[in-house]
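**Q** First, the structure itself, so that you have it in front of you.
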Amino acid sequence: MMRALWTASTGMMAQQLNVDTISNNIANVNSIGYKKTRIEFKDLLYETMERGMVKDGQGKPVNLQVGHGVKVSATTKFFTQGNLDMTSNPYDLAIDGPGFFTIVGPNGEEMYTKDGSFKISVDGENMKLVTAEGYFVQGTNGDIDLGSNVKDVIIDESGLITVRRTDDTLEEIGSLSIATFVNPAGLESVGKNLYKTSLASGEAFDTAEDGSGGGVLQGYLESSNVQVVEEMVKLIQAQRAYEINSKSIQTADEMLGMANSLRR
């Protein structure tokens with residue numbers, strides 16, 4: 001009987017983490033470039049009380065096994081494309097494809113993002129393209145330095161950046177660094193819409209030459225790929241699963257109470 005108590009408790013803990021994951025998806029429904037997460041479960045160790053055995057056509061053809069509950073095995077990110085929303089802001093960029101923008105953090109570590117809501121950082125007369133946190137956006141030649149006397153910035157589909165100066169001259173200053181990964185689901189989320197590479201994701205591939213990362217759209221942002229209705233259905237399912245696991249604990253407790261109240 002105690003097995004039922006512990007088994008049901010693993011189900012409640014797993015569903016609690018499931019609700020936490022779904023809640024995070026719903027909370028980030030308006031986060032630019034956010035990718036929804038799904039939690040995955042696996043059953044726990046089985047106790048084999050009697051093994052199946054057939055000899056000469058006779059015997060027990062099935063095992064007698066009792067499971068010990070469930071565990072959370074992984075959380076998987078889905079990097080499907082979100083909607084591309086027009087903003088008409090020249091520093092808002094979206095990638096129509098699997099690629100990621102490359103960012104350098106304050107400690108010099110390269111990170112990657114789908115959030116293209118970039119800003120301009122002014123240092124003296126020079127202007128650089130940065131994230132909202134001030135991290136430098138990377139091009140094929142390092143930090144994207146727009147220089148001075150900037151009148152307009154033009155970024156084409158391939159990521160080529162052209163600056164129009166105040167005297168109406170045009171200057172090409174390089175291309176955006178767009179990265180792809182063999183296994184993007186293996187990227188490590190670090191918050192602020194940023195990801196780091198891991199052994200599971202593999203190293204980043206620069207797609208500047210072949211364009212396999214997708215096309216860059218200036219004046220657009222990629223919205224979250226979270227579907228609120230889908231998450232609400234999952235939330236109801238998780239709540240009902242949590243409820244039925246708690247009912248299993250209650251039933252086991254009642255049965256133990258009946259056993260304790262027996263009299264000879």
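**Q** I need the per residue convex hull volume for the chain, using only the alpha carbons, in cubic angstrom as a whole number.
**A** Enclosed volume per residue, from the Cα hull, is 188 Å³.
**Q** To the nearest 10 degrees, how steep is helix 2-27 against the longest Cα principal axis of the chain, on a 0 to 90 scale?
**A** Once rounded, the angle reads 20 degrees.
**Q** Using only helices, what value at 222 nm comes out for the chain when you add -39,500 (n - 2.57) per DSSP H run of length 4 or more and divide by the total residues, to the nearest 500 deg cm²/dmol?
**A** -8000 deg cm²/dmol
**Q** Follow-up. Mind checking the full-extension length gain between Lys247 and Arg165? Use 0.36 nm per residue of separation minus the Cα-Cα distance, one decimal, nm.
**A** 22.5 nm
**Q** Over the Cα atoms of segment 84-222, what Rg and Dmax result, in angstrom?
**A** 14.6, 49
**Q** Multiply the residue separation of Ala74 and Arg3 by 0.36 nm, subtract the distance between their alpha-carbon atoms, and state the gained length in nm to one decimal.
**A** Additional length available on full extension: 23.1 nm.
**Q** A further question follows. Under 16 Å from the 7 Å Cα→Cβ point of Asp210, by amide nitrogen: which residues of segment 184-201?
**A** Under 16 Å, as judged by backbone N against the label point of Asp210, lie 184 of segment 184-201.
**Q** If packing is taken as the mean number of other Cβ atoms within 10 Å per residue, what is the order of 178-185, 42-49, highest first?
**A** 178-185, 42-49
**Q** Okay, next question. Within a 10 angstrom radius of the beta carbon, how do Phe41, Phe101 rank from fewest other beta carbons to most?
**A** Final ranking by Cβ density, sparse to dense: Phe41, Phe101.
**Q** Let me ask something else about it. Taking the convex hull of the alpha carbon atoms in segment 1-140, what volume per residue do you get, in Å³?
**A** In segment 1-140, the Cα hull volume divided by residue count equals 214 Å³.
**Q** If the reach is capped at under 22 angstrom between alpha carbons, list the lysines near Lys77, excluding any in the same chain fewer than eight residues apart.
**A** Output for Lys77: Lys35, Lys36, Lys42, Lys114, Lys192, Lys196, Lys234.
**Q** Fully extended, how many nm does the chain gain between Gln81 and Asp96 (0.36 nm per residue separation, minus their Cα-Cα distance)?
**A** Stretched fully, the Gln81-Asp96 segment lengthens by 4.6 nm.
**Q** Looking at Tyr135, Gly147, Asn245, which one has the Cα that reaches farthest to the positive end of the dipole of segment 130-264 (charges on Cβ: Lys, Arg +1; Asp, Glu -1)?
**A** Asn245
**Q** Sort Ser88, Ser31 so that the residue with the fewest other Cβ atoms within 10 Å of its own Cβ comes first and the one with the most comes last.
**A** Ranking Ser88, Ser31 by Cβ neighbours within 10 Å, fewest first, gives Ser88, Ser31.
**Q** Rounded to the nearest 0.05, what FRET efficiency do Ala200 and Gln227 have when you use their Cβ-Cβ distance and R0 = 30 Å?
**A** So, using R0 = 30 Å, E works out to roughly 0.70.
**Q** Exposure proxy check: Val153, Val66 ranked by fewest other beta carbons within 10 Å?
**A** Result, fewest neighbours first: Val66, Val153.
**Q** What is the angle, in °, between the Cα long axis of helix 228-260 and the longest principal axis of the Cα atoms in the chain? Nearest 10 is fine, range 0 to 90.
**A** So the inclination is approximately 20 degrees.
No lab work stands behind these numbers, since they all come straight from the coordinates. The shown structure was predicted, so the numbers you read here are calculated from the model rather than taken from an experiment. Cβ: placed from backbone, ideal geometry, glycine included. Neighbour counts: every protein chain shown.
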